[in-house]
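None of the figures in this text is laboratory data; all of them are computed from the coordinates on show. Everything numeric in this text was worked out from a predicted model, so none of it was measured. Here the Cβ positions follow ideal geometry from the backbone for every residue, glycine too, while neighbour counts run over all protein chains shown.
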Amino acid sequence: MRAYALSRLAQTVLVVFLSLTAVFMMVRLSGDPVLLFMPMDIQAKDVNEFRQRLGFNDPVPVQYARFVAGAVRGDFGESLRYRRDALGLVLERLPATFLLAATSLLLTMCVAVPLGVLSAVHRNTPLDHAGTVVTVLGQATPGFWLGLMLIYVFSVRLRWLPTGGTGGLAHLVMPSIVLAAFFSARIARLTRSAVLDVLGAEYILTARAKGLRETRVIGKHTLRNSAIPIVTLAGLEAGQVLGGAVITETIFAWPGLGRLTVQALLNRDFPIVLAAVFVVSVVYTLINLTVDLLYGWLDPRVRLR
Amino acid sequence: MSAALRRCQLKAWLGIGLTVAVVVAAGAAPWLAPHDPLATDFAASLSPPGSPGHPLGTDQLGRDLLARVLHGARLALFIGVCTVVITAAVGGVLGLVAGFVERWPAALLMRLADVQLSFPFILLAMTINAIVGLGLRNIILSLSAAGWVVYARVVRGEVLSVKQRDFVQAASALGMSRLRLLFRHVLPNVVPSIIVVASLQFSSFIVAEAAISFLGFGVQPPTPAWGSMLSESRDFLYVAWWLAAFPGAALALTALSVNLLGDWLRDTLDPKLRV
Amino acid sequence: MRRLNVLLALAVALGLAGAGAALAQDRARTKEVVIGLGAEPRTMLAVTIVDWTTNTQLEHIYDRLLDRDARTLKPKPMLATGWRIVNDTAWEFTLRQGVRFHNGEPFNAESVKATMEYLQNPASKSHYAAYWKLVKEVQIVNDSTVRFVTEKPWPSLIDRASLTDFLVLPAKALRELGPAKLAERPIGTGPFKFVEWKRDERLVLEKNPDYWQGPADVSRVTFRFIPEFSSRLAALLSGEIDIMKDVPPHTVDAVERSGRARLRSAVSSRINYLALVNLRPGPMHDLRVRRALNHAVDVDELIAQVLKGRATKICGPLSPANVDYAPVECYKHDPARAVALLREAGHDPAKLQLTLDTPSGRYPLDKDVSLAIAAQLQRLGITVNVVVNEWGTHLDKIKNRNTGDTFFLGWGPSLFGQGVIEPLFQASQTYSSYGNNPTIDAKIARAVTLVDPKARAAAYAELQKLAHDEAAWVPLWQQHDLYGVAGHVEWAPRADEKVWMYDAKVAP
């Protein structure tokens, strides 16, 4: 167990380091960051002086060495745009993204898993067909379009829900639905097939033969055994949920990590981009580690190597 | 079982039918579209759907929305096809090599793939676009750079499992050359997986392209791309719902039809594959 | 399942905690105003970052040295009660007495000197260092008099002093707390005090009861950051916010019809133009081609059709809102003349291919205007390839001189001649499109040092005429600033883009 944890840790460090290096090299190629946050009506030589002062005139290896030296201490430099430490700005946005992700995950679990189970149990009934239609449609609907349409109907026309921002529960409704939609479709389909697999297994037949009530057969035996593929997928998709959060947060002006990253990319605010990449990689790795640990708990036969 | 079969066939027919419809619409766009998608007509700007000559209405510059949606289909399919071909070729070859070689370069390659998978696909493609610049060619490149990993993984896994099979081991023991092994036994087994992965990736590429264009990092206006049309539509949401509704519906429909087709291909060719 | 319940309870609790947002009626009663802006401020520290959004929020907290008259836009007293020219390189300001910062510290000559020293200190990395680089030092004459000593004659000093380019910081707090602390909790002399700044969400300010001009009518100002036009509009019409910046022209009717808000507009000093680039090879080197384009583009049609009338045409590089403005004659829309000029220059319009670079979403309908210009030129047979750039790329291209033959740009607030003519008509400047004209270079060098108002007016008038005759741009228009204002708030925007809630009245 400890060897496993150590090797995972080493891998994590490597992955994070490689991602950061790649992004560092790429952002340095993307153009002059200084123009974007300087006033337009000042002389060219003043702009250059500023560039010099920020170190952007140094050779790339020098800049990289400086970046690595700072990054190992958790210092990604000062945001070019906001003049504050970049990592602090990124971490400040993390709770909002977590709240959104957790709500949509909750929503997914409350909707998709029951839907999948019902579809499987009532296989080839109208209920199952309806479920299939919903999930196939859900999978095909792009999140940002769904978001636009929800805004149009519920904010612009009906004025029931705020168009964006944070505040109360009402602000959370549309963003979490949009973020959950795609994810739910995949989880529901997977739940259906996983439950179908398990339902065919002998121990379920045995349980039924023993005369256990159907709810207990499904609730205890089937769900627990179908959980592994579902949890695996959830873990694999965690990264894509963060990707989805980028779009959802942008549409709904949600003050989270995704929106900050998009803004930083547009503004060439490199310190924020790098800090965000760092945080995303770490979070993703932690999620996957959690998933691995969950296996052991769900299925004692799985031994962590 | 017959119900399941019917259901499967229904899905398949629906998928094939819709895909054909989308492809025909895209291919025949210049003849189907009532107007040039770039032609402006200030006097007719923001006409609602059903206006004379403009079945789906017009945008803020009086450009015909139907024409733009149809030409958008061309662009989406073009991007999808290019990206799928590039990623399948690159990812497939790398996967084959990694499966055959089994030395440290292969291990490194797969580690790299893991690194890349640890990053949200959209964010990665978007970052690449922010750096190499915007435009049609660059979005194809960035999507490909972000998307090859899945093929490499699937193909490598497939190669490894094929190599374990008795007949292949036997052939190898009998002194069959590696190249011959590759063409005779491995490729026929790998191709179905590639086709399935490609069909399933296709729609996610199209949607990703639209999302990236939507965020302003992709295909730029006035080129009629669904994503940038949707992005533009946001400013007019209050007065012209159709600008948001139709391009998005077209995108969803395309994704739907390709998804159905992909599901069917998977069920027929490679039922075990989970992507 | 129990865990689910806990999560659910948590979510509900969070929701209720945030549900305290007041309704529009309540706000009218408590005299609170919520303003929807497109972006958040970049800092809370005055004289650090040049950015309209930042400064428009900051100047509720900090005061300027001089203000501008809302109507004439001429400098008028604020923290300084008067000014005089001592000699060619020295200006003296008399300071208001009895003004205190929010922390109780008195405002005096020390504050002005400390502010200049802060912004000129390289360690502050202030953008304003470039604006004030001609100032050698600020001398304290006595507690309520300061003298700005400049390196050479600099008549525009007074124009800078009457903008947000000199928001005064507290000397003692700056020394004792340091800039980082002040950036967290800003301290100024302004009509509102800082309450809280929730990143990417809102900035909350409350009335300063001891303000030297008397307390504001508004008790609380909240700036909310809503990037999308359509979202801001929905927020205004559903009563989430009371003032919205940048109502899109085509939704003006929706605002007026809503019954909740009215449209308030001002002709801004910000201008939009189409640059005809002679700093790179191409047809725009030929004066006849540049003039032909001026005859070919129908500005009136663009204003009427694309901007729905929400812009005011300009004919030269300065707008009437600029203190150095002098009228020049417009090029007439005359396609036949345009074609004749092109042929004279050796171009067959049907074979001429031009490229137009435009940003998207930076100026009102910028991309659509560019596409419409392309369509107008198309009528003459000219093929125009419109390239839509992301903003950073657009700036890069202009700086590196690799835009197309023409590009779209806005400039502002442009309240004095130097701020437009100097950076835009000389080859040495970052964002210029036109240059290498020795006559113009020499005349600019002379104009920026003229202290005598008459001579200065004459010099800028001549430069405007030259820019017009050289057809360096197709001048387009002054933007209209369109605001949606809720029924219970009385407030009107002004040409210099100052959004100042001290002027607002709330009628329940």
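Checking every one of the GluC sites (Glu not before Pro) in the stretch C:97-179 against DSSP loop status and a limit of 15 other Cβ atoms within 10 Å picks out C:Glu151. Of the trypsin sites (Lys or Arg not before Pro) found in the stretch A:1-81, those that fall in a DSSP loop while having at most 16 other beta-carbon atoms within 10 Å are A:Arg73. According to the Kirkwood relation over distinct C-alpha pairs, the hydrodynamic radius of chain A is 22.3 Å.
Shape analysis of the stretch C:62-176 based on the Cα gyration tensor places the equivalent ellipsoid semi-axes at 19, 18, 14 Å, largest first. For C:Val86, the residues 5 or more places off, or on other chains, whose built amide H falls under 5 Å of its own are C:Trp91, C:Glu92.
Here the alpha carbons of chain B define both size measures, Rg and Dmax, at 22.0, 78 Å. For the protein assembly as shown, the spherically averaged projection of the C-alpha convex hull amounts to 47.7 nm². log₁₀ I(q)/I(0) of the stretch C:25-130 at q = 0.11, 0.20, 0.22 Å⁻¹, via Debye over equal Cα point scatterers, no solvent, to two decimals? Log-scaled intensity ratios, in q order: -0.48, -1.32, -1.41.
Select from chain B the helices, each a whole stretch of DSSP H, whose alpha-carbon atoms run 24 Å or more along the helix axis and whose Kyte-Doolittle mean is at least 0.5; answer none if there are none. TM-like helix candidates: B:2-27, B:65-101, B:136-164, B:187-214, B:242-269.
Using the Cβ of C:Gln418 as centre and a radius below 10 Å, the other residues enclosed give a net charge of -2, where K and R count +1 and D and E count -1. Taking Lys and Arg as +1 and Asp and Glu as -1, the other residues whose beta-carbon sits under 10 Å from that of C:Phe229 total 0. Direction-averaged projected area, Cα convex hull, the stretch A:208-287: 7.2 nm², rounded to one decimal. Going by neighbour counts of Cβ atoms within 10 Å, the residues C:Asp348, C:Asp357 line up, fewest first, as C:Asp348, C:Asp357. Taking chain B as a Gaussian network, where each spring joins two C-alpha atoms under 10 Å apart, which residue of B:Leu108, B:Leu265, B:Leu75 fluctuates the most? Result for chain B, Cα springs under 10 Å: B:Leu108 fluctuates most. Considering the dipole of the protein assembly as shown built from charges on the beta carbon (Lys and Arg +1, Asp and Glu -1) around the Cα centre, which of B:Leu109, A:Val246, A:Val280 is farthest to its positive end? Farthest towards the positive pole: B:Leu109.
Distance between the 7 Å Cα→Cβ label points at C:Leu287 and A:Leu54: 4.0 nm. Residue order for A:Met149, C:Met284, fewest other beta carbons within 10 angstrom first, comes to A:Met149, C:Met284.
Other residues with beta-carbon under 11 Å from the beta-carbon of A:Arg216 carry, at +1 per Lys or Arg and -1 per Asp or Glu, a net charge of +3.
Let me know the Kirkwood hydrodynamic radius for the stretch C:268-479, please, with Cα pairs as the basis and the value in Å to one decimal. One over the average 1/r among Cα pairs gives 17.1 Å for the stretch C:268-479. Sparse packing (at most 16 other Cβ atoms within 10 Å of the Cβ) combined with a DSSP loop state is found for the following trypsin sites (Lys or Arg not before Pro) in the stretch C:29-107: C:Arg71.
Taking only the C-alpha atoms of the stretch A:69-184, Rg followed by Dmax gives 19.4, 62 Å. Using every pair of distinct Cα positions in the stretch A:1-157, the Kirkwood expression returns a hydrodynamic radius of 21.3 angstrom. Helices in chain B, meaning DSSP H runs of at least 4 residues, each add -39500 (n - 2.57). Divided by all residues, the mean residue ellipticity at 222 nm is -24500 deg cm²/dmol. For B:Leu108 and B:Ser51 in one chain, what is 0.36 nm times their gap in residues minus the Cα-Cα distance, to one decimal in nm? Full-extension gain reported as 14.6 nm. Amide H to amide H distances under 5 Å link A:Met38 with no residue, where only residues 5 or more positions off or on other chains count and H is placed in the peptide plane. Counting, for every residue in A:47-54, the Cβ atoms of other protein chains within 10 Å of its Cβ and taking the mean gives 2. Between the amide H of C:Leu409 and those of C:Tyr273, C:Ala275, distances stay under 5 Å, these residues lying 5 or more places away or on another chain, with hydrogens modeled in the peptide plane. Note on C:Ala445 and A:Ala69: their simple-model spin labels are 4.3 nm apart, each label 7 Å out from Cα toward Cβ. Rounded to the nearest Hz, the phi-derived 3J(HN,Hα) couplings of the stretch C:483-494 under the Karplus curve 6.51 cos²θ - 1.76 cosθ + 1.60 (θ = phi - 60°) are 10, x, 10, 5, x, 8, 10, 9, 6, 10, x, 10, where x marks glycine and proline. Residues in the stretch A:187-192 carry Karplus couplings, in order, of 5, 5, 4, 5, 4, 4 Hz; the curve used is 6.51 cos²θ - 1.76 cosθ + 1.60 with θ = phi - 60°, and Gly or Pro positions show x. A Förster radius of 60 Å, combined with the Cβ-Cβ distance separating C:Arg185 from B:Ala249, puts the computed FRET efficiency at roughly 0.75. Here the Karplus curve 6.51 cos²θ - 1.76 cosθ + 1.60, taken at θ = phi - 60°, turns the phi angles of the stretch A:222-229 into couplings of 6, 4, 4, 7, 8, 5, 4, x Hz, with x standing for Gly and Pro. The equivalent ellipsoid that matches the C-alpha gyration tensor of chain C spans semi-axes of 41, 32, 20 angstrom, in descending order. Charging the Cβ of each Asp and Glu at -1 and of each Lys and Arg at +1, and nothing else, the dipole of chain B about its Cα centre rounds to 1140 debye. Pairs of lysines in the stretch C:62-176 whose Cα atoms sit within less than 29 Å of one another amount to 22, provided the residues are eight or more positions apart or on different chains. Expressed in units of 2.2 N^0.38 Å, where N is the residue count, the Cα radius of gyration of the stretch C:252-376 is 1.24. Legend: mean number of C-beta atoms from other chains within 10 angstrom of residue C-beta atoms, peptide A:84-94, equals 1.
Restricting the calculation to Cα atoms, the stretch C:184-314 yields a radius of gyration followed by a Dmax of 21.7, 62 Å.
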